[in-house]
Amino acid sequence: MNLLALLALVGLAACQAEADAPTPAAERPAPVLALPVELADVGGLAARMWRSVGYDVPAPTVTDDALPARSIRVTVAHGIITCDGQRAWGCTHRTLDLDRNTWIEISDAVPNAWQASTVAHELGHALGLEHTDEQPLAGVMSPDRTEAQRARPCVGLICLYPEGE
């Protein structure tokens with residue numbers, strides 16, 4: 001192999017390594033909270049509640065388009081969902097890869113009055129929160145929420161007031 005061919009191969013390898021390098025965070029598109037039309041209002045309320053208590057929640061938008069890294073997509077599932085071997089109103093599928101997206105399923109069987117609470121609960125899981133009966137998160141993150149908590153979830157003194165409240 002001659003010197004010119006060797007230099008061309010080295011240059012090609014450098015270009016490929018540059019192309020494979022992760023995009024710096026400052027240059028990445030901002031993540032989004034992608035909501036289906038039927039959950040746009042309650043999803044926006046849930047995102048606002050979490051942001052008001054200091055959690056970094058992506059901006060809500062209604063889209064079926066491809067999403068930037070670290071986004072959260074909410075979809076509607078038909079019927080009761082099985083999540084981690086249990087029947088549930090919703091389920092959050094997270095990955096340990098921080099550049100991957102999180103997917104939340106919400107059952108279409110959730111009573112309308114509980115949709116905001118269900119989205120807020122699953123969004124809490126997407127933010128890394130676990131089930132707890134401890135305040136201030138019990139009003140949203142307890143798996144044993146009361147009907148009143150499901151109708152009007154709260155994180156501390158910040159409560160969600162779905163339409164008509």
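Each residue in the stretch 26-65 was checked for being open to solvent by 90 Å² or more (accessible area, probe 1.4 Å) and not in a loop (DSSP other than H, G, I, E, B), and 7 pass.
Of all residues in the stretch 109-131, at least one satisfies being out of contact with any Lys or Arg (no Cβ under 6 Å at 6 or more places or on another chain), part of a loop (DSSP other than H, G, I, E, B) and either open to solvent by less than 10 Å² (accessible area, probe 1.4 Å) or modelled with pLDDT of 95 or more (or both).
Residues that are free of Cβ contacts under 8 Å to residues at least 40 places away in the same chain and buried (at least 19 other Cβ atoms within 10 Å of the Cβ) within the stretch 141-165 comprise MET141, ARG145, ARG150, CYS154, listed in sequence order. The C-beta contact set for the stretch 102-121 (first residue among the small types (Gly, Ala, Ser), second residue open to solvent by 40 Å² or more (accessible area, probe 1.4 Å), distance under 8 angstrom, 6+ apart or interchain) comprises SER107/VAL76; SER107/HIS78; SER107/ILE80; SER107/TRP89; ALA109/ILE80; ALA109/TRP89; SER117/GLN149; SER117/ARG152.
The values are calculated or read from the model by the stated rules, or taken from the named source; none is laboratory data. Note that the structure is a prediction, hence the values are computed from the model and not measured. Neighbour counts are summed over all protein chains in view; Cβ atoms, including those assigned to glycine, are modelled from backbone coordinates with ideal geometry. Note: accessible area is taken over every heavy atom of the protein model, side chains too, but ligands, DNA and RNA are not part of it. Shrake-Rupley method; radii C 1.70, N 1.55, O 1.52, S 1.80 Å.
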